[in-house]
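What follows is a set of notes on a single structure, which appears directly below.
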Amino acid sequence: MPSPTTYVLVHGAWHDGRSWERVAALLTARGHRVHAPDLTGRGSTAHLLGPEVGLTTHVDDIAGLVLEQDLGEVVLVGHSYAGMVISGVANRIPERVSRLVYVDAMVPVHGENAIDVMPLTQALIDGAAATAEPWRIPPLPEHPAPLGLFGVTDPGDTAWLRSTLTDESVLCFRQPVEMDSPAAALIPRSHILCVGNVPAGVTRRPVPAAQPNGEPSRVHELESGHDCMIVRPAALSDLLQIP
């Protein structure tokens, strides 16, 4: 029987660690160790959200968790915005990371921010600029089916997800990621792309043909809306276990 793997599952913008509950339960049932923390300003730490919370804060959160728990050979999984986060964490503590998995995620290069990776983000920042709290970006609106709320269309799931979402700080999208560690570039990575319905104006940067370590990129497609951890947890957990 394969030895257990340690997964750190990092949620995307506006979400919190609860978004991973179904996937975490499936991975744990198979004997793996799973951490799905709330980033600062989300979930249990929602009261800490402020204009000073940014990408660096969230990299600190995850790197701090790995070091505090003395985790090694970690599979870092980042959904959506968290592609930025896991990239920064790998750069900070590459010796602790065995694999990076980008789940329908932003995939930056050194020095880029979320706006560079997904220019649509600038429109969200511009919209916040006209409000009384220009540093605060509310969650994206729900769309009629089949788009739903972040790709979630089941009424019960949608209601639950809506209750967990909180605002995002502009600084999360403006801060650049540091990815200049030669050791981090050697870490294998894979990409899971949700190929369900995508809202108009949302474009995904193509996955490079080769990983930074020179190996061919590993790309899996999943028929799902964006929040595949809620919509297709079993299929996603199976993909996460592919080396």
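For Ala132 and Val219, FRET efficiency with R0 = 35 Å and r from the beta-carbon atoms, rounded to 0.05?
0.25
Counting other Cβ atoms within 10 Å of each Cβ, which GluC sites (Glu not before Pro) in segment 1-88 have at most 15 and sit in a DSSP loop?
Hits after loop and neighbour filter: Glu52, Glu73.
Given a 1.4 Å probe, how much area per residue of the chain is accessible, in Å²?
Counting only protein heavy atoms, the per-residue value for the chain is 44 Å².
Rank Arg18, Arg232, Arg205 by mean-square fluctuation in a GNM of the chain with C-alpha springs under 10 angstrom and give only the top-ranked residue.
Maximum among the listed residues: Arg205.
What is the extension gain from Thr28 to Glu68, computed as 0.36 nm multiplied by their sequence separation minus the C-alpha to C-alpha distance, in nm to one decimal? Let's see the in-between values first.
Working: separation 40, 0.36 × 40 = 14.40 nm, distance 2.07 nm.
Result: 12.3 nm gained on full extension.
What is the percent carbon and sulfur in the accessible area of the chain, measuring with a 1.4 Å probe over the protein chains and ignoring ligands?
Working: 6100 of 10720 Å².
Whole-percent figure for carbon plus sulfur exposure: 57.
Val107 accessible area, nearest 10 Å², 1.4 Å probe?
About 30 Å², ignoring ligands and nucleic acids.
The values are calculated or read from the model by the stated rules, or taken from the named source; none is laboratory data. Values in this document were obtained by computation on a predicted structure and should not be read as measured data. So basically every Cβ, Gly included, is an ideal-geometry build from the backbone, and we count neighbours across all protein chains shown. Keep in mind that these areas ignore ligands, DNA and RNA; they rest on the heavy atoms of the full protein, side chains included. Shrake-Rupley method; radii C 1.70, N 1.55, O 1.52, S 1.80 Å.
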